[in-house]
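Below is one structure, written out as structure tokens; comments come after it.
The values are calculated or read from the model by the stated rules, or taken from the named source; none is laboratory data. This is a predicted model, so every value here is computed, not measured. Methodologically, a virtual Cβ is constructed for each residue, glycine included, from the backbone with ideal geometry; neighbour enumeration extends over all protein chains shown. Side chains included, ligands, DNA and RNA excluded: accessible areas come from the protein's heavy atoms. Shrake-Rupley method; radii C 1.70, N 1.55, O 1.52, S 1.80 Å.
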Amino acid sequence: MTDPRDADDIEAIKRLKADYFRLLDSKQWPALGRLFTEDAILDSRDDSPNALAQGREAIVTMVATALEEAVTSHKGHSPAIELDGSDAASGTWTMEDRLVFGSDPPSLIVEGRGHYHETYLRGADGRWRIQELRLRRSRLVHNGKVLIERAPPGSN
């Protein structure tokens with residue numbers, strides 16, 4: 001039988017990720033930063049070879065610099081979250097995004113999908129935060145040109 005507290009923790013992690021998407025797309029950078037642990041890692045090197053940051057401040061700087069001028073829409077689906085003890089968890093989310101840079105006409109339209117592979121820690125304040133976020137693309141398209149097209153892991 002599942003402990004009801006487990007369901008509460010899984011729901012809290014889902015809300016954490018919903019906050020991530022909302023704050024990312026609305027460019028609320030300080031609030032976005034508070035969703036990460038102080039020593040968090042964000043790895044989105046499928047998007048750009050240098051898109052690896054460690055530490056809350058470095059993550060916010062990297063993301064804000066990359067996306068400040070874009071209109072973005074990020075969506076997460078089908079979370080698979082596992083509790084790894086009372087204060088740690090891991091999860092995988094199917095994702096889709098669309099980023100539009102520039103105006104009329106846009107200079108770059110990015111469309112993609114893939115998976116977020118994440119770990120989470122519960123802080124001393126009882127709140128869950130992202131400890132590690134690794135984005136692995138199954139498809140990445142820039143202005144209609146396919147840059148990445150690969151099957152997700154385990155889909156042979």
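Rank by packing, highest mean first: peptides 143-149, 61-67, 81-87, with packing defined as the count of other Cβ atoms within 10 Å averaged across residues.
61-67, 81-87, 143-149
Of the options Ile41, Ala7, Ser103, report the single residue whose Cα projects farthest towards the positive end of the charge dipole of the chain (beta-carbon charges: Lys, Arg +1; Asp, Glu -1).
Ser103
For the chain, what is the accessible area per residue in Å² when the probe is 1.4 Å?
For the chain, the per-residue accessible area is 56 Å².
Could you size up the charge dipole of the chain around its Cα centre, putting +1 on the beta carbon of Lys and Arg and -1 on that of Asp and Glu, and report it in debye to the nearest 20?
Computed about the Cα centre, the dipole is about 380 debye.
Using the crude model of +1 on Lys and Arg Cβ and -1 on Asp and Glu Cβ, and no other charge, please compute the dipole size for segment 12-59 relative to its Cα centre, in debye to 20.
It works out to roughly 300 debye.
If I take every Cα pair under 8 Å that is 6 or more residues apart in segment 75-156, average their sequence separation and divide by the length, what percent do I get for the relative contact order?
22
Report in % the part of the accessible area of the chain that belongs to carbon and sulfur, leaving out ligands and nucleic acids; probe 1.4 Å.
Carbon and sulfur: 51 percent of the exposed surface of the chain.
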